[in-house]
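The values are calculated or read from the model by the stated rules, or taken from the named source; none is laboratory data. Because the structure is a prediction, the values reported are computed rather than measured. So basically every Cβ, Gly included, is an ideal-geometry build from the backbone, and we count neighbours across all protein chains shown.
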């Protein structure tokens, strides 16, 4: 019972993305962090109680010995150690460990991410455990989206009609309606997909797309690994995939869009190499997708393309202002790295680097411009400047070990090939989007969840099969 309770708290931890506390300085950040930390701590407490009172003698020790034989677990642990060392020797160790209300991503938070990863690898030793975890993650994704839909609807006219019939225009979900009684004619569809970028319960559209990219992976894994796929199940999975994809596009996040495209092409390329029956059709599909995407990007200034939903995704160029500010910020990170190359300035200390090596081109007189950054807006440059060469190399080593384990993994024909390709594709999508975005709680949760799942997936087949029979 205690073990089940600990697992249940781990399932609930992914629901932290739904927490929004209006009473905090940063409603979309603080509540999520507090909830997540409390849930992980409770999961760890019940794990210790299970170890003390219910676990068979030697069970936990045997599980831990098994962990130490897994290269990916050791790689993640090494990154965690260097991250914490960078916290200890930081420019501002207090900020590095505790962070602040706006971010909350210091060493204290990393302790909880690693605790989540450790418990997931240690306790989730059956396929059913991961199915429950993925379904919990999908439920969190659905809730995140519905929060954003509800936020786009102003219910004030509805309540006014209930209290004083006829005093306010009725709320119209499809046709023009009047938010808050103001004379702004706008459909709900336009409000969700045209006039603003969708941000759900995450508070930032840049987080929505990478979060949903992981959700699509979980959904695809559940779909492909389904033993009895009836027509109704296939329709249900397909509808949910389309639902996630629509709001992925509605966030209009170019970095994540490029990451998803890269993941799709990697997935299809692996299938081309492994499936001779569908090879010609897959090559044709890759060519069509490449031509379509290339055409939309090339004609991004065309009026027709501009009128397409989420047309911002196709405005991919090295000359736009957003990319230029990234380049200037990355240069600041590089200069900071040269000052402290071993363990960097410490987590959550990039603002000191940015201030010291501020590029005056950030300030454009008479125009809206960003003149302060607390992150380098790139996972690579963030880890380089904040955790030094040891932190960055250990971070990259995680994915080196991942693909080394992936390459060694045996796979069967049919669904096994699809799962094999899926496992290779999702880290590519994450890494590509991470070139232009930093890691925060919604992304970190999914990253460590993916790595914990990979530790399970890369275990010897006989070991996994024996646990699934229990």
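A few comments on the model shown:
- Checked against (1) touching a helix residue (DSSP H, G or I) at 6+ places or on another chain (Cβ under 9 Å); (2) without any contact (Cβ under 8 Å) to a residue 60 or more places away in the chain; (3) on the phi > 0 side of the Ramachandran plot, residue 346 meets all criteria but (2).
- Candidates 403, 383, filtered to the one that is modelled with pLDDT of 85 or more and touching a helix residue (DSSP H, G or I) at 6+ places or on another chain (Cβ under 7 Å): 383
- Some residue of the range 290-298 being without any contact (Cβ under 8 Å) to a residue 40 or more places away in the chain, assigned to a loop (DSSP other than H, G, I, E, B) and more than 20 Å from residue 434 (Cα to Cα): no
Quick grid of which residues meet (1) surrounded by fewer than 21 Cβ atoms within 10 Å (Cβ to Cβ); (2) at positive phi; (3) under 15 Å from the mean Cα position of the chain (by Cα); (4) touching a residue at least 12 places away in the same chain (Cβ under 8 Å):
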| residue | (1), (2), (3), (4) |
| --- | --- |
| 107 | no, no, no, yes |
| 127 | yes, no, no, yes |
| 132 | yes, no, no, yes |
| 138 | yes, no, yes, yes |
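Here is a yes/no grid of residues against (1) modelled with pLDDT of 95 or more; (2) within 20 Å of the chain's Cα centre (by Cα):
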residue: 56; (1), (2): no, no
residue: 112; (1), (2): yes, yes
residue: 121; (1), (2): yes, yes
residue: 147; (1), (2): no, yes
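- Of the residues screened, residue 246 is one that is assigned to a helix (DSSP H, G or I), within 21 Å of the chain's Cα centre (by Cα) and surrounded by fewer than 23 Cβ atoms within 10 Å (Cβ to Cβ).
- Screening residue 36 against (1) more than 19 Å from the chain's Cα centre (by Cα); (2) at pLDDT 95 or above; (3) surrounded by 15 or more Cβ atoms within 10 Å (Cβ to Cβ); (4) closer than 30 Å to residue 143 by Cβ leaves a single unmet condition, (1).
- Criterion violated by residue 93 - all others in (1) surrounded by fewer than 21 Cβ atoms within 10 Å (Cβ to Cβ); (2) modelled with pLDDT under 95 satisfied: (2)
- Comparison of 247, 243, 257, 267 shows that the only residue that is out of contact with any strand residue (DSSP E or B) (no Cβ under 7 Å at 6 or more places or on another chain) and farther than 13 Å from residue 213 by Cα is 267.
- Selected residue (only one of 73, 25, 35, 47 is closer than 26 Å to residue 201 by Cβ and touching a helix residue (DSSP H, G or I) at 6+ places or on another chain (Cβ under 7 Å)): 35
- Being at pLDDT below 85 and closer than 20 Å to residue 258 by Cβ holds for only one residue in 297, 316, 286, and it is 316.
- The set of residues in the range 115-128 being farther than 17 Å from residue 46 by Cα and in a helix (DSSP H, G or I) consists of 127, 128.
- Test: residue 358 is in contact with a helix residue (DSSP H, G or I) (Cβ under 9 Å, 6 or more places away or on another chain) and at pLDDT below 95: yes
Here's the yes/no breakdown for (1) assigned to a helix (DSSP H, G or I); (2) at pLDDT 95 or above; (3) under 24 Å from residue 141 (Cα atoms); (4) in contact with a helix residue (DSSP H, G or I) (Cβ under 9 Å, 6 or more places away or on another chain):
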{"position": "233", "(1), (2), (3), (4)": "yes, no, yes, yes"}
{"position": "263", "(1), (2), (3), (4)": "yes, yes, yes, yes"}
{"position": "269", "(1), (2), (3), (4)": "yes, no, no, yes"}
{"position": "276", "(1), (2), (3), (4)": "no, no, no, no"}
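- Count of residues meeting criterion [in contact with a helix residue (DSSP H, G or I) (Cβ under 6 Å, 6 or more places away or on another chain) and either over 11 Å from residue 123 (Cα atoms) or in a loop (DSSP other than H, G, I, E, B) (or both)] in the range 51-66: 2
- Restricting the range 181-218 to residues that are over 14 Å from the mean Cα position of the chain (by Cα) and in a helix (DSSP H, G or I), the residue that is modelled with the lowest pLDDT is 181.
- Of the residues making up the range 200-240, not one is farther than 22 Å from residue 430 by Cα and buried (at least 18 other Cβ atoms within 10 Å of the Cβ).
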